[in-house]
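The values are calculated or read from the model by the stated rules, or taken from the named source; none is laboratory data. Just so you know, these numbers come straight off a predicted model, no measurement behind them. Every residue, glycine among them, receives a Cβ derived from its backbone with ideal geometry; neighbour counts consider all protein chains shown.
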Amino acid sequence: MTAETAYRDVDRNHRVVTPPTKYSLRPVEERASDFAEALAYTAGYTAETAVIEAARCLQCPEPQACLLNCPAGNDIPEALWLTSQRDFVGAAKVFAATSPLPEVCGRACPNLCQQGCVLGNTFGAISIGKLEAFVSDIAREAGELAIKVPEQKTGKKVAIVGSGPAGITVAEDLITKGHAVTMYEAWPEAGGVLVYGIPSFKINKEVVAYKIKDLEDAGVKIITNTRIGEKITIDDLLEENDAVFLGTGAGIAATMDIPGEDLKGIYPSTDFLVRANVPEEKLPPEKRGKPQIGKLVAIIGGGDTAVDCARSSIRMGAEAATIVYRRTEAEMPGNAVERGVSVDEGVKINYLQAPVEYIGDEDGRVKAMKVIKMELGEPDASGRRRPIPIEGSEFIQKVDAVALAVGYWPDPFLGKKTENLSTHKWGLIYADEASGATTREGVFAAGDNVHGPDLIITAIATAHAAADSMHKYITGEEHINPIAPPPPRKRR
């Protein structure tokens, strides 16, 4: 099908609309056997199909729902118009003007913008995310995504702790203002969750490496294998810098605290994913070696991380990778499209079930789990119907390995090691989300370590706000006061 011959339909306002031109994945039997990116071609599109899909945009009058749905405020209609005119580099620059990670967001974002597309309930929403990745890949290949920095420097210095989406955003925003930026990363490779949390079949590691090189080429100094709070403290950073940004994310996997959870073969999701899909040379020595999964793998949880673990299990040779989720699909968080892709690859999902005990063999390795069936009650604080165990419904399920994907929290280490830096709710940094100000003078924070696990684009949006505040603070344009610490929790 070409742009000239495509069948077109007409909406009620007599505007011509082309049916969706879906992005392409590699054949299922091929992609499920390796960790290479699942998308075919360039981010799933060819030049011809990208033009056809972008041309579906109605260029709605303001306020455009797609733009309003994007936390970073990407000018999506403009980018789609340029794409439809084959100006792929121009479209990429529109996305890059508000997001430092268009190649990444296009691949891994659940596409809030796309959910706002007015064509969604009729003809099918435009594949905005994959088009964003497509044009960004084209611009990257053309060398058009370099970070431009001013020749005149301000003499101000900032330190960034963490090199994930929030840290990358603040680094780019401040280096383009003429400030000197040093970024610290605890892992051996910069990129944070983009390298160590998201599998390669969703984001090729080279995509992240290109961005890190952009930052280094722009003058950002990156120091890896350095956990702030140990030999170097926040106090040390404040002595050498005019401001500090904390973008440490939420990388500590939660547990269920049920019997047998300490058996061999039961992996926290972070440990499972990094061992499964990150090259060993990018891992610390204690994290090297693939997970020993056997043939039957159970993944506990229902979000994107559970799906990632399940798809990774299939690629490591599991005969059965089963997601066990305590609610129904209607309450399931995460990306429904990615979930559907996982089912195509052989993943099974057992709804309304939850483990209550893990059973080990004589060597202390998990061999089975006791599972109880659930039913849904009234909605809880999250707005989802609360799962209620069905008495007497327990059964035994054989397993060779288990991946726990039941949630994440920030590492509380930094809060414990830093005086006057308030944390709450199991390690979340207490900060003003509008400015990024914390309870410590000159220290700012944004991203998952402030609001908990969320989307890449949400971290980018809040990091933009924090970077703007930091710029005003270190230049004296505006004095950003630290916020008051939270009131003490009442004991029950």
| query | In this structure, is Arg311 more than 21 Å from Pro387 (Cα to Cα), within 17 Å of the chain's Cα centre (by Cα) and not hydroxyl-bearing (Ser, Thr, Tyr)? | reply | yes
| field | Options Trp426, Trp409; residue that is buried (at least 18 other Cβ atoms within 10 Å of the Cβ) and modelled with pLDDT under 95 | value | Trp409
| query | Under 6 Å by Cβ, and 6 or more places apart or on different chains, what pairs join a residue from the stretch 306-319 that is touching a residue at least 24 places away in the same chain (Cβ under 8 Å) and assigned by TED's automatic domain parsing to the domain that holds Val347 with one that is in a helix (DSSP H, G or I) and hydroxyl-bearing (Ser, Thr, Tyr)? | reply | Val307/Ser342; Cys309/Ser269; Ala310/Ser342; Arg311/Ser342
| note | Arg326 vs (1) assigned to a loop (DSSP other than H, G, I, E, B); (2) surrounded by 16 or more Cβ atoms within 10 Å (Cβ to Cβ); (3) out of contact with any Leu (no Cβ under 8 Å at 6 or more places or on another chain): all pass except (3)
| Can you name every residue in the stretch 385-413 that is out of contact with any Leu (no Cβ under 7 Å at 6 or more places or on another chain) and under 23 Å from Glu230 (Cβ atoms)? | Tyr408, Trp409, Asp411, Pro412, Phe413
| Hey, does the stretch 353-362 have a residue that's within 30 Å of Lys202 (Cα to Cα), touching a strand residue (DSSP E or B) at 6+ places or on another chain (Cβ under 6 Å), outside any strand (DSSP E or B) and in contact (Cβ under 8 Å) with a residue 40 or more places away in the chain? | no
| note | Per the filter on the stretch 64-99, residues assigned to a loop (DSSP other than H, G, I, E, B) and closer than 13 Å to Cys113 by Cβ are Gln64, Cys70, Pro71, Ala72, Gly73, Asn74, Asp75, Ser99
| note | Just one listed residue, out of Phe245, Phe272, is of a type in the set (Phe, Trp, Tyr) and either outside any strand (DSSP E or B) or at pLDDT below 95 (or both), and it is Phe272
| note | When the stretch 441-450 is checked residue by residue, the ones that are touching a helix residue (DSSP H, G or I) at 6+ places or on another chain (Cβ under 7 Å) and either of a type in the set (Ser, Thr, Tyr) or surrounded by fewer than 24 Cβ atoms within 10 Å (Cβ to Cβ) (or both) are Gly442
| note | Restricting the stretch 171-196 to residues that are closer than 21 Å to Asp308 by Cα and in contact (Cβ under 8 Å) with a residue 40 or more places away in the chain, the one surrounded by the most Cβ atoms within 10 Å (Cβ to Cβ) turns out to be Gly192
| query | So which pairs qualify, if the first residue must be in the stretch 459-481 and among the charged types (D, E, K, R), the second must be assigned to a helix (DSSP H, G or I), the Cβ gap must be under 6 Å, and the two must be at least 6 apart or on different chains? | reply | Glu478/Lys472
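Residue-by-condition table, conditions (1) within 28 Å of the chain's Cα centre (by Cα); (2) modelled with pLDDT under 95; (3) of a type outside the set (Asp, Glu); (4) within 30 Å of Glu357 (Cβ to Cβ):
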residue	(1), (2), (3), (4)
Lys398	no, no, yes, yes
Leu404	yes, no, yes, yes
Lys417	yes, yes, yes, no
Asn449	yes, no, yes, no
Asp468	yes, no, no, no
Ile480	no, yes, yes, no
| remark: Going through the stretch 216-241 in order, the residues found to be acidic (Asp, Glu) and either within 14 Å of Arg440 (Cβ to Cβ) or part of a strand (DSSP E or B) (or both) are Asp235, Asp236, Glu239
| request: Tell me which of these Leu421 doesn't satisfy, since it passes every other one: (1) touching a helix residue (DSSP H, G or I) at 6+ places or on another chain (Cβ under 7 Å); (2) not assigned by TED's automatic domain parsing to the domain that holds Ala186. | output: (2)
| request: List the number of the failed condition for Lys231; all other conditions in (1) surrounded by 24 or more Cβ atoms within 10 Å (Cβ to Cβ); (2) at pLDDT below 95; (3) of a type in the set (D, E, K, R) hold. | output: (1)
| query | Does the stretch 373-383 include one or more residues that are part of a strand (DSSP E or B), modelled with pLDDT under 95 and surrounded by 15 or more Cβ atoms within 10 Å (Cβ to Cβ)? | reply | no
| said: I'm checking my understanding of the structure. Among residues of the stretch 32-63 that are aromatic (Phe, Trp, Tyr) and in a loop (DSSP other than H, G, I, E, B), which one is surrounded by the most Cβ atoms within 10 Å (Cβ to Cβ)? | reply: Phe35
| field | Qualifying positions in the stretch 149-170 - surrounded by fewer than 24 Cβ atoms within 10 Å (Cβ to Cβ) and touching a residue at least 40 places away in the same chain (Cβ under 8 Å) | value | Val149, Thr154, Lys156, Lys157
| Among Thr21, Thr83, which is the only one that is of a type in the set (S, T, N, Q), over 22 Å from Glu345 (Cβ atoms), surrounded by 22 or more Cβ atoms within 10 Å (Cβ to Cβ) and modelled with pLDDT of 95 or more? | Thr83
